[in-house]
Amino acid sequence: MAHSHRETIHDWMFNAALPWWAANGVDRANGGFVEQVTPDGADGGIAFKRTRVTALQIYVFAHGHMLGFKPGLELANHGVDFLTSRTWNGPDKGFARRLTREGGALDSTPDLYDHAFVLFALAWHYKASGDRNSRDWMHRTLDYIETHMRVSGGEGFWHELPPKGWRQQNPHMHLTEACLAAFEATGEARFSTLAKEIIAVFEARFFDPQTQTLAEFFTEDLARAPGDDGRIVEPGHQFEWAWILNSCRKLLGVQLAPQIRALASFAEAHGVDGATKITFNSVRDDGATIDRASRTWPNTERIKAAIALHELDGIDPSPVIESSAALLFDRYLGRTLPGTWVDLVDADGKSVSGNAPASTFYHVFLAFAEVLRIS
């Protein structure tokens, strides 16, 4: 495999992005991390802090530390301190969704997506530090999820409490990812057991083998939502699930090859522009395009899916890595301050002006770390 972008990727991660966010993305006054930055690199002044951003930045700095970025562990420690002291509302209420900039209460809604990423962050912090406190918090987090968010008499988990709107696959996907990280960090069967349980829900409910599509929205009993909502497919999530299922195959021995291939194949065929190789935000379950614009993150997930197919079937991932990396550096990472990004490109391929959300760092960093891992 020849990855001409490997050096560029490594340089961006360790000489641009990690140092920049270490210097500009940490709220030393109030704790936690900056939510968004403006195109000129200033704090975006957002009136809240999301728990998921705290968790995602803990992951980035913990993983960065493990790959050689020495300040990463102190920064991850900073995030864990804020997470456990400010966002936790106790064993009966779990983690809050959002705090004020100063760390006060704002939205205490328990959100499965947030809890999944908290578990993910703590698992990576434990990998990086060996801190038993993070291991204890991993179990405390999963205790809350299993005690309060599990659907009684049904399958899977509520996306928020109290539940409103359609049920969603996306937080289940990230809970699977988090359980894999926790199992890899601890070897404890509790985490692998839950990952396998969610995979069974994926096979039975979320994924339709006939259309090769992963729906986003579901009724209370996990049938696809009626009407247009039930037909929405996000190519980025198809790619992301392909990579996660391959991780399940490697770590847990679960045989998911047909689903991995189908997810990636549909997304590649219908969710990627043939000329530009940009990954669309959304398509329909028959392949018709819904939203031709593209955020940063679906393009990073295309890279991860190509690596999954390489590990599964020996397919050379270089063409996908090269095209998506070139696209990312040209349209997203190369049109703003080094180490930051443009978050959205419109249907005509033009950058949409706006703040850079810190949450994007997780997607780019993980995809690029995967490229380094196999290169």
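A short reminder: the numbers here are calculations on the coordinates, not readings from a lab. Please read these numbers as outputs of a predicted model, since none were measured by experiment. Cβ atoms come from the backbone with ideal geometry, glycine included; neighbour counts cover every protein chain shown.
Brief remarks on what is shown
- Annotation: amide H of residue 26 within the under-5 Å range of 34, sequence separation 5 or more or interchain, hydrogens built in the peptide plane.
- The string of couplings for the range 34-46 from the Karplus curve (6.51, -1.76, 1.60, θ = phi - 60°) is 5, 6, 8, 10, 6, x, 8, x, 7, 4, x, x, 5 Hz, one whole number per residue in order, with x for Gly and Pro.
- Straight-line cross-link partners of residue 49 among the aspartates and glutamates, defined as a Cα under 13 Å from its Cα and at least 8 positions apart when in the same chain: 27, 35, 102, 107, 114.
- Overall form of the range 163-252 per C-alpha gyration tensor (a/c, 1.5; a/b vs b/c): prolate
- Neighbour count of at most 13 Cβ within 10 Å plus DSSP loop: longest trypsin sites (Lys or Arg not before Pro)-free window in the chain: 165-349
- The stretch between residue 293 and residue 161, if pulled fully straight at 0.36 nm per residue, gains 44.4 nm over its current Cα-Cα span.
- Backbone geometry of the range 148-161 corresponds, through the Karplus equation with coefficients 6.51, -1.76 and 1.60 at θ = phi - 60°, to 3J(HN,Hα) couplings of 10, 9, 5, 7, 5, x, x, 10, x, 10, 6, 7, 7, 10 Hz, x marking Gly and Pro.
- Long-range HN-HN contacts of residue 315 with modeled amide H, under 5 Å: 310
- Near residue 298, once Lys and Arg are set to +1 and Asp and Glu to -1 for all other residues with Cβ below 15 Å from its Cβ, the sum equals -3.
- Tensor-based shape of the range 127-185 (alpha-carbon gyration tensor, a/c under 1.5 rounded, otherwise prolate or oblate): prolate
- Dipole orientation for the range 1-121: of the candidates 25, 96, 82, 96 has the Cα lying most toward the positive pole (charges on Cβ; Lys, Arg +1; Asp, Glu -1).
- Sequence-ordered 3J(HN,Hα) estimates for the range 306-312 from the Karplus curve with 6.51, -1.76 and 1.60 and θ = phi - 60° stand at 5, 5, 4, 5, 5, 6, 7 Hz, glycine and proline given as x.
- Value of D in µm² per second that Stokes-Einstein yields for the range 195-341, Kirkwood Rh from Cα pairs, at 10 °C (1.306 mPa s): 101
- Global form of the range 16-160, assessed from the alpha-carbon gyration tensor, a/c cut-off 1.5: oblate
- Across the range 6-374, Cα-Cα pairs farther apart than 26 Å form 49% of the total.
- In this rough spin-label picture, where each label sits 7 Å from Cα along the Cβ direction, the residue 48-residue 315 distance is 3.9 nm.
- The amide H of residue 272, built 1.01 Å from its N in the peptide plane, has 280 as neighbours under 5 Å, considering only residues 5 or more places off or on other chains.
- When the chain is treated as a GNM with alpha-carbon contacts under 10 Å, the residue of 30, 170, 246 showing the greatest mean-square fluctuation is 30.
- Farthest toward the positive end of the dipole of the chain, out of 247, 185, 56, is the Cα of 185, where the dipole comes from beta carbon charges about the Cα centre.
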